[in-house]
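Enquirer: Supplied in structure tokens, the structure appears directly below.
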Amino acid sequence: MRIITAIIISIFTLSTHSQTVDNFELKNIEGKYISYNTIKGKKLTVIDFWASWCKPCMKAIPELNSVYNNFKDKEVQVIGVNCDGPRSAAKVEPLVNTLGIKYPVLTDMDKTVMTSLNLSAFPTLILINSANKIVWIHEGFSPGDEKLIHSKIEQELSN
Amino acid sequence: MHIPMNNRLLHTLTLILTLNILNAQFQGNNLLEYQHGELPGDTATLSSLYDRASLSYKFNSVKLSANVEQFHTPYTDRNYVKLSGYTLNYKTKPIELNVGHFYETLGRGLLLRSFEIQGALLEDISYRSKQYFHRDIFGANIQYRNNNFTAKAIYGKPLNNLYPPIFGDTIRRTDIIEAAYLEYTIMRQTIGGAALRLTNRNGAATYGMFTLSGRLFPWMSYYTEYAQNVNDPAFALSKKSSSTLYSGFNIFANNWGLSLEYKNYNNFILGAGINEPPALVKEHTYKVLNRSTHVVQPISEQGIQAELYYSFANGSVLTLNNTIAINTLAKELLYREYFAEYSFTLNGKHDTKLFFDYAEDPFKLEVGRTSAGAYTDWQILSGSVVSANYEFQTFRRTGVSVFNHVFIAGYNYKSKFNISVVTESSTDGYIMKNNETQRFWFGANAGYKINSNNTVTVFGGQRRGGPACQAGVCYEVLDFAGVELRITSRF
């Protein structure tokens, strides 16, 4: 009985253990491979997984531009990971340019990074600390969420 | 000191698992869907339960993952419990190896395209079984990559997801592929080449592909991909050959961007459908337009797509799209579509989108298809948004006018909670029952995010089925009337 209890407790402990982000490499919109470790923030990194056909993703992008502008001097980096498939991949670069996205945008046509991080919705935003641990996951975007994102970043910076 | 056997086991287990915590990661997610209702052709209401659990365990450079799918109904011939995927992944720079089930797309998918539409379920009208919407490959692949050079080798059996998991791999995986891909980048230009050998019960065929992409100027990038059967004359691009060409140019300046694409597909359905050339037809998120999406016919399709984005100083964005597709089947069919969308914000907080679309679709016998709509989100309090969306569509088919209407009213509080009602009506003779002159659908959705890892959504009422496209892939959704509960969890 105690063995079963130990297994259950251990599995629970494992499952609640913070997920970490290993270094990954993806092409940027110019087709050059970029390593996550070379562009991540010193204190915090925000990664936004998005696609051009996702309406809430489009709403979130101007707010993420604000996040980037407000926190870039506080060693917080924002990274967009675009997951458009072959059907709409051609539209990503003109769209990034038109929307004036200031932060780096990487492309992941096969969603390898998203899948490896156990994420499944668009948009999904993750907050990663300096130890590469995911400290917050936020799915979807609706007006009002931008305040939540700002306050979560402030909270993590003050920790 | 004597330690009882049970205690030794307990201590050993605890020690191993505690050490594991330091380096290993165990994670997973689960999707559960319960339905009680009526599907097309059913004479009585039916309860069904679908579940997909994904688990993965990572230790240093090695990752093991597995998916278990199950579907239960009162009919045993539709039911299954299946280990539908398992993978051993080994990644250490510059090599990555996958053994088991994996996803791989070569270039833009002219030769090979596998995919996973996360969160989407596929329910076919023939077998009435439900499955996760994906098309993986069972086998192995290995990739080597340094700064400028990439090499891949692939061996495997792609999934034919027209057959649900109640069938075995002898029916679902009839194609065998062996492929190699090389890519080299120099001076911001990338050249790639691939060879793919396809073997199935019809014999074997070998295809070659090359890609060329890069940036000509800071404001212009391009991508070209060409593939053909190696036994056909080089660059034939004729209706008698098995050949395909995709090419795209992007041009952009400060506040605008233009995407231009060209396609020329000839007899290029490989095996049971292991490839998927880019459609070059806009995949709309609006309901009436998404349902009307022209599905690419790789057996014979030529055409262009142009899409222009323009961002105004006030933040509003104009999108214009033009698509032309020519299918030469028993006769030549010309598909044309013109789309315009303008999205803007009122008073800095009320989001509005207006769209207009005109199309001629001889493939679906739709003449003068005109669609328009307005989407508005009104922020009434901090985080509280009320939305009202209306879409209209009309076209003539065999001389008869058809009208479709969609109205959606909703409320959401941040991303935490949402509720909406969806009403649709149609006079489309193709979907009328008995002596109906108009058909109505009325349904309601509610979603609640319990925390960042768990979400519950509920649907009740009637849902209109038909063609649907999501994440670049088109499929058929069945009509449904009843109650549906979906719980997604991550751990």
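The values are calculated or read from the model by the stated rules, or taken from the named source; none is laboratory data. Being a predicted model, the structure only gives us computed values, none of them experimental. When we count neighbours, we look across all protein chains shown, and the Cβ atoms used for this are built from the backbone with ideal geometry, even at glycine.
Enquirer: Could you please find all residues in the stretch B:455-472 being touching a Phe, Trp or Tyr at 6+ places or on another chain (Cβ under 9 Å) and in a strand (DSSP E or B)?
Expert: Within the stretch B:455-472, B:T455, B:V456, B:T457, B:V458, B:F459, B:G461, B:Q462, B:R463, B:P467, B:A468, B:C469, B:Q470 meet the criteria.
Enquirer: In the set B:A471, B:A444, which member is small (G, A, S) and either surrounded by fewer than 18 Cβ atoms within 10 Å (Cβ to Cβ) or over 24 Å from the mean Cα position of the chain (by Cα) (or both)?
Expert: None of the other options fit; the residue is B:A444.
Enquirer: Related question: Of the residues that sit in the stretch B:263-292 and are within 11 Å of another protein chain (Cβ to nearest Cβ) and β-branched (V, I, T), which one is surrounded by the most Cβ atoms within 10 Å (Cβ to Cβ)?
Expert: So the residue we want is B:V281.
Enquirer: Taking only the stretch A:15-54 into account, find how many residues are in contact with a Phe, Trp or Tyr (Cβ under 6 Å, 6 or more places away or on another chain) and within 25 Å of B:P94 (Cα to Cα).
Expert: Result for the stretch A:15-54: 5.
Enquirer: One residue is enough: does the stretch A:90-97 have a residue meeting the conditions in a loop (DSSP other than H, G, I, E, B), over 25 Å from B:G383 (Cα atoms) and touching a Pro at 6+ places or on another chain (Cβ under 8 Å)?
Expert: Looking through the stretch A:90-97, none of the residues is in a loop (DSSP other than H, G, I, E, B), over 25 Å from B:G383 (Cα atoms) and touching a Pro at 6+ places or on another chain (Cβ under 8 Å).
Enquirer: Those residues that are basic (K, R), without any contact (Cβ under 8 Å) to a residue 60 or more places away in the chain and in a strand (DSSP E or B), I need them from the stretch B:79-93; list them, please.
Expert: Selection gives B:K91 alone.
Enquirer: Please indicate, with yes or no, whether at least one residue in the stretch A:31-39 is of a type in the set (F, W, Y), part of a loop (DSSP other than H, G, I, E, B), modelled with pLDDT of 90 or more and farther than 28 Å from A:P143 by Cα.
Expert: Within the stretch A:31-39, not a single residue is of a type in the set (F, W, Y), part of a loop (DSSP other than H, G, I, E, B), modelled with pLDDT of 90 or more and farther than 28 Å from A:P143 by Cα.
Enquirer: While we're on this one: Can you confirm whether B:G28 is assigned to a strand (DSSP E or B), over 30 Å from B:T150 (Cα atoms) and in contact with a Ser or Thr (Cβ under 8 Å, 6 or more places away or on another chain)?
Expert: So B:G28 fits the description; yes.
Enquirer: So for the stretch B:430-442 (the condition being within 14 Å of another protein chain (Cβ to nearest Cβ), in a strand (DSSP E or B) and closer than 24 Å to B:L122 by Cα), does at least one residue qualify?
Expert: No, the stretch B:430-442 contains no residue that is within 14 Å of another protein chain (Cβ to nearest Cβ), in a strand (DSSP E or B) and closer than 24 Å to B:L122 by Cα.
Enquirer: Follow-up question, since we're still on this one. Do we have any residue at all in the stretch A:143-154 that's within 30 Å of B:L64 (Cα to Cα), at the interface with chain B (Cβ under 8 Å from one of its Cβ atoms) and modelled with pLDDT of 90 or more?
Expert: No, every residue in the stretch A:143-154 fails to be within 30 Å of B:L64 (Cα to Cα), at the interface with chain B (Cβ under 8 Å from one of its Cβ atoms) and modelled with pLDDT of 90 or more.
Enquirer: On to the next question. Every residue in the stretch A:122-141 that is surrounded by fewer than 18 Cβ atoms within 10 Å (Cβ to Cβ) and assigned to a loop (DSSP other than H, G, I, E, B), please.
Expert: A:S130, A:A131, A:N132
Enquirer: What's the number of the condition A:G100 fails, among (1) more than 10 Å from chain B (Cβ to nearest Cβ); (2) more than 21 Å from B:Q25 (Cα to Cα); (3) surrounded by fewer than 20 Cβ atoms within 10 Å (Cβ to Cβ)?
Expert: If we test A:G100 against (1) more than 10 Å from chain B (Cβ to nearest Cβ); (2) more than 21 Å from B:Q25 (Cα to Cα); (3) surrounded by fewer than 20 Cβ atoms within 10 Å (Cβ to Cβ), just (1) comes out false.
Enquirer: For A:G85, which of the numbered conditions (1) touching a Lys or Arg at 6+ places or on another chain (Cβ under 7 Å); (2) of a type in the set (G, A, S); (3) closer than 30 Å to B:A306 by Cα; (4) at the interface with chain B (Cβ under 7 Å from one of its Cβ atoms) fails to hold?
Expert: So the condition that A:G85 fails would be (1).
Enquirer: Count, please, the residues in the stretch B:94-144 that happen to be in a loop (DSSP other than H, G, I, E, B) and either within 14 Å of chain A (Cβ to nearest Cβ) or closer than 29 Å to B:G192 by Cα (or both).
Expert: 12
Enquirer: Only residues that are out of contact with any Cys (no Cβ under 7 Å at 6 or more places or on another chain) and part of a strand (DSSP E or B): list them for the stretch A:40-84, please.
Expert: The answer is A:L44, A:T45, A:V46, A:I47, A:D48, A:V76, A:Q77, A:V78, A:I79, A:G80, A:V81, A:N82.
Enquirer: Report, by residue number, each residue of the stretch A:31-45 that is within 14 Å of chain B (Cβ to nearest Cβ) and at negative phi.
Expert: Answer for the stretch A:31-45, where residues must be within 14 Å of chain B (Cβ to nearest Cβ) and at negative phi: A:K32, A:Y33, A:I34, A:S35, A:Y36, A:N37, A:T38.
Enquirer: In this structure, is B:K364 among the basic types (K, R), touching a residue at least 60 places away in the same chain (Cβ under 8 Å) and farther than 30 Å from B:K240 by Cα?
Expert: no
Enquirer: Kindly check whether there is at least one residue in the stretch B:319-335 that is at the interface with chain A (Cβ under 9 Å from one of its Cβ atoms) and among the charged types (D, E, K, R).
Expert: No: the stretch B:319-335 contains no residue that is at the interface with chain A (Cβ under 9 Å from one of its Cβ atoms) and among the charged types (D, E, K, R).
Enquirer: Moving on. Please go through (1) of a type outside the set (F, W, Y); (2) under 30 Å from B:N30 (Cβ atoms); (3) buried (at least 22 other Cβ atoms within 10 Å of the Cβ) for A:T107 and return the number of the only condition it doesn't satisfy.
Expert: (3)
Enquirer: Within the stretch B:340-350, track down each residue that is within 13 Å of another protein chain (Cβ to nearest Cβ) and either of a type outside the set (K, R) or over 21 Å from A:P143 (Cβ atoms) (or both).
Expert: B:E341, B:S343, B:F344, B:T345, B:L346, B:N347, B:G348, B:H350, listed by residue number.
Enquirer: If I ask for residues that are within 14 Å of another protein chain (Cβ to nearest Cβ) and of a type in the set (S, T, N, Q), which ones from the stretch B:242-262 would you list?
Expert: Result: B:T244, B:S247, B:N250, B:N254, B:N255, B:S259.
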